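Working notes, structure below.
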Amino acid sequence: MDDLALAALMARAQTGDQEAYRQALRACLPVVTATARRTGVAADRVDDVVQDVLLTIHRALPTYDPARPFLPWLRAIATRRAIDSLRMTGRRGAREIQDETAYLSHAEAVPDALETLASRNRAHDLRQAVASLPPLQRQAVELLGLQERSLDDVSAETGRSKGALKVNLHRALRALRGRMQPDDDV
């Protein structure tokens, strides 16, 4: 069903036409289902999202403006409800496993003391290498690389052009690579 026909059905539903309302809701089902799937909702949760969208449409029916396109309104509601579902399953998704077999068959590799020590040494060496950079290069690495701030923000804060910041970051990374590479002749 096209957008104009759906808008007309919704306008009739707003006046109390129950048959028009049923037809509109039936026509919404494939759109809502496709939107939920496209958003990444798991197959076993799609029906829940569809029901949630239908309830939202029912509550929001008086606010729908029939002069405006219906499908964008419907897709916006469906997308929001799908995202809400993803958030809910994300919160409940991580659960503690009480299965001994799962622990044994999927045991994580426990880093040994030498690997941990080597990792700490690399981090220490990197901090020292960054500290030894010229001030403008160090600033570019810290703000753009480590703090992951945008070029626009850093440019506005420091008063330096984006091009200058990029050049300083590039030179700093090249210097850090040179300092952090292991010596081949040792």
Cβ contacts < 8 Å: first residue in contact (Cβ under 8 Å) with a residue 24 or more places away in the chain, restricted to segment 151-179; second residue aliphatic (A, V, I, L, M) and not in a helix (DSSP H, G or I), any location; separation 6+ or different chain. Result?
Ala172/Leu133; Ala175/Leu133; Leu176/Leu133
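Per-residue answers, yes or no, for (1) of a type in the set (Gly, Ala, Ser); (2) not in a helix (DSSP H, G or I):
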position	(1), (2)
Gly16	yes, yes
Tyr21	no, no
Ala24	yes, no
Thr33	no, no
Arg38	no, no
Val41	no, yes
Val50	no, no
Ile57	no, no
Could you look through segment 135-152, keep only residues that are among the polar types (S, T, N, Q) and within 16 Å of Ala175 (Cα to Cα), and pick out the one that is surrounded by the most Cβ atoms within 10 Å (Cβ to Cβ)?
Gln137
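Rule-based calculations on the coordinates, nothing more; no lab input. These numbers come from a predicted model, not from an experiment. Methodologically, a virtual Cβ is constructed for each residue, glycine included, from the backbone with ideal geometry; neighbour enumeration extends over all protein chains shown.
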